[in-house]
Amino acid sequence: MTSSTLDYLKNSFDALSQKIPDENVEFWFARDLMEPLGYARWENFQTAIQRAIDSCKSTGYSPDDHFRGVTKMVKLGSGAEREVEDFMLTRYACYLVAQNGDPRKEQIAFAQSYFATQTRKQELIEDRMRLQARLDARERLRESEKTLSQNIYERGVDDDGFARIRSKGDAALFGGNTTQAMKEKYGIVQTRPLADFLPTLTIAAKNLATEMTNHNVQQASMQGENAITGEHVQNNLSVRNMLAERGIQPEQLPAEEDIRKLERRVKSDEKRLQQQSGKLPKKE
């Protein structure tokens, strides 16, 4: 995301912020946020809001504190007015709406961090975006590896076979360094996944190779450990060669903070965000 795009989005969300008179509660109207968040239809945005309300309930917080259904009068092209449904959303509610959007959209990726950060300093928002990008990349890798495990189990490969396939793929991606060798290089204990300590770029590289393997295993109806191992090794080599063309060697990139610590930090930040967002006043 370019600096100009970040500036534009930040200024847009800043300008849409409102305050409840005599209350230290910041809020946004959902219809004002709909377009900046990349939604063209109110019906689709309502679905995202409902998911956010359900998410609020699941965490044990009262949706009434953060989501308020309201009606507004809007002008039509003819100059007449009509009543429309809307929502008042606290910062925490906006965060939940963004969390239930598509993080591949630039607007959603930005909003997740903008609303999560209790400051309007752009550098802190960008730091949070980088953290979120790494968490999202790790979750995508978990899902693609889970799919691969299921795919190859149906094709005669057990859990031990899956571990061997993944390890040989790692060796191909890391220039001959095995999974264990990379763990030793980074000082990772045996029981923890290597991917939890990799930088975002390397996690994304592993995910791309795994997705390619998933696709080709299904398309070619591959069977057995040997055939699938060869496919996975080749895909990791292809990804490694692509990175090498840009001067990147995955095994030379430094380790990053444990994903588990980041996940705990995000959970703690979410709790603090809910508390600091304040509550919408009770309906009269």
**Complete:** Considering segment 163-212, residues that are basic (Lys, Arg) and more than 27 Å from the chain's Cα centre (by Cα), and then whichever is surrounded by the most Cβ atoms within 10 Å (Cβ to Cβ), we arrive at 168
**Message:** Can you confirm whether residue 243 is in contact with a helix residue (DSSP H, G or I) (Cβ under 9 Å, 6 or more places away or on another chain) and modelled with pLDDT under 95?
**Reply:** no
**Message:** Can you tell me which of (1) exposed (fewer than 15 other Cβ atoms within 10 Å of the Cβ); (2) in contact with a helix residue (DSSP H, G or I) (Cβ under 9 Å, 6 or more places away or on another chain); (3) not assigned by TED's automatic domain parsing to the domain that holds residue 194 is the one residue 259 doesn't meet?
**Reply:** (1)
**Request:** Report, by residue number, each residue of segment 134-168 that is assigned to a helix (DSSP H, G or I) and small (Gly, Ala, Ser).
**Result:** 137, 144, 149, 161, 163, 167
**Prompt:** In segment 46-61, what count of residues is obtained for those that are in contact (Cβ under 8 Å) with a residue 40 or more places away in the chain and not β-branched (Val, Ile, Thr)?
**Reply:** 6
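Residues checked against (1) over 30 Å from residue 93 (Cα atoms); (2) not in a loop (DSSP other than H, G, I, E, B):
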| residue | (1), (2) |
| --- | --- |
| 183 | yes, yes |
| 192 | yes, no |
| 212 | yes, yes |
| 236 | yes, yes |
| 244 | yes, yes |
| 264 | no, yes |
| 271 | no, yes |
| 274 | no, yes |
**Prompt:** For segment 232-259, how many residues are farther than 21 Å from residue 185 by Cα and out of contact with any Gly (no Cβ under 7 Å at 6 or more places or on another chain)?
**Reply:** 8
**Message:** Going by what's in this entry, would residue 98 be described as in contact (Cβ under 8 Å) with a residue 40 or more places away in the chain, farther than 15 Å from residue 274 by Cβ and either in the same structural domain as residue 203 (by TED's automatic domain parsing) or under 13 Å from the mean Cα position of the chain (by Cα) (or both)?
**Reply:** no
**Asked** Are there any pairs, at least 6 apart or on different chains, whose C-beta atoms fall under 6 Å, with the first in segment 12-38 and within 27 Å of residue 103 (Cα to Cα) and the second of a type in the set (Phe, Trp, Tyr) and not in a helix (DSSP H, G or I), and if so, which?
**Response** 16/28; 18/27; 30/87
**Fill in**
Out of (1) in contact with a helix residue (DSSP H, G or I) (Cβ under 7 Å, 6 or more places away or on another chain); (2) within 21 Å of residue 230 (Cα to Cα), the one residue 106 does not meet is (2)
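From the list 194, 262, 273, which residue is in contact with a Leu (Cβ under 9 Å, 6 or more places away or on another chain) and of a type in the set (A, V, I, L, M, F, W, C)?
Going through 194, 262, 273 in turn, just one is in contact with a Leu (Cβ under 9 Å, 6 or more places away or on another chain) and of a type in the set (A, V, I, L, M, F, W, C): 262.
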**Message:** I'm checking my understanding of the structure. Among residues of segment 116-128 that are in contact (Cβ under 8 Å) with a residue 60 or more places away in the chain and of a type outside the set (S, T, N, Q), which one is nearest to residue 11 (Cα to Cα)?
**Reply:** 120
**Message:** in contact (Cβ under 8 Å) with a residue 60 or more places away in the chain and out of contact with any His (no Cβ under 6 Å at 6 or more places or on another chain): is that true of residue 179 in this structure?
**Reply:** no
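The values are calculated or read from the model by the stated rules, or taken from the named source; none is laboratory data. Given the structure is predicted, the values throughout are model-derived calculations rather than measurements. No Cβ is skipped: glycine too gets one built from the backbone with ideal geometry, and neighbour counts run over all protein chains shown.
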